[in-house]
Amino acid sequence: MPRKPRIEPSGEVVARIASTALTLPDAYEEDAWTGVRWRVRGKTFAHVLVAQEGYTSAYRDMTGVTDPTTVMTFRSTGDELLALTNAGPPFYQPPWSPSIVGMVLDDATDWGEVAELVTESYLFCAPRKLRRRIEG
């Protein structure tokens, strides 16, 4: 039986994340294996996709949710990483990297918080020269 076509994140969600991500120095957007990702110097600092049946998904594996769910992954460190990974929904921690955090994006999403998380993730991934342009 053929796979169902992949559902991509809505243009509105992509635009909301891009409105922060693309203001950061040397950041760029590209299509990922699924969804859209934002990168700096080859490192992904944010990725939005739809977790859905028929495709590998850490979110689905961890929660058992079968409905298509829009999620964003990003990087975090230190106390913020600890707080986010222990906060519970809408946050979760995919198993493939200790610095990756996932977040469900839905009608209850605080887009100001998303902007802060995307910026912090960029700072985690960007080289010092680019970080200084933001931090200083």
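Taken together, the values in this text are just the output of simple stated rules run on the coordinates, not laboratory data. Just so we're clear, the structure is a prediction, and the values are computed from it rather than from any experiment. Neighbour counts are summed over all protein chains in view; Cβ atoms, including those assigned to glycine, are modelled from backbone coordinates with ideal geometry.
Would you mind ranking THR85, THR70, THR23, THR34 so that the residue whose beta carbon has the fewest other beta carbons within 10 Å leads the list?
In order of increasing Cβ crowding within 10 Å: THR23, THR85, THR34, THR70.
Quick one: length gained pulling VAL65 to ARG133 fully straight, 0.36 nm per residue minus the C-alpha distance? Show your work: numbers first, answer last.
Values: separation 68, 0.36 × 68 = 24.48 nm, distance 4.04 nm.
Difference between extended and current length: 20.4 nm.
I want to verify a result. In a Gaussian network model of the chain, Cα cutoff 10 Å, which of these has the top mean-square fluctuation: VAL65, VAL48, VAL40?
VAL65
Taking 0.36 nm per residue of separation and subtracting the Cα-Cα distance, what length does fully extending TYR55 through SER97 add? Write down the numbers at each step before the final one.
Working: separation 42, 0.36 × 42 = 15.12 nm, distance 1.94 nm.
Between TYR55 and SER97, full extension yields 13.2 nm more.
If the chain between THR85 and THR109 were fully stretched, how many nm would it gain, using 0.36 nm times the residue separation less the Cα-Cα distance? If you can, show how the numbers build up before the last one.
Working: separation 24, 0.36 × 24 = 8.64 nm, distance 1.68 nm.
So the extension gain works out to 7.0 nm.
Membrane-span-like helices in the chain: DSSP H runs reaching 20 Å or more (Cα, own axis), mean Kyte hydropathy at least 0.0?
Counting only whole DSSP H runs, the qualifying helices are 111-125.
Given the DSSP H assignment, sum -39500 (n - 2.57) over each helix run of at least 4 residues in the chain and divide by its residue total; what's the result at 222 nm in deg cm²/dmol, nearest 500?
For the chain, the value works out to -11000 deg cm²/dmol.
I need the fraction of alpha carbon pairs in the chain separated by more than 20 Å, rounded to a whole percent.
44 percent
Please give me, ordered by residue number, the chymotrypsin sites (Phe, Trp or Tyr not before Pro) of region 1-80 that lie in loop per DSSP and have at most 11 other Cβ atoms within 10 Å.
TRP33
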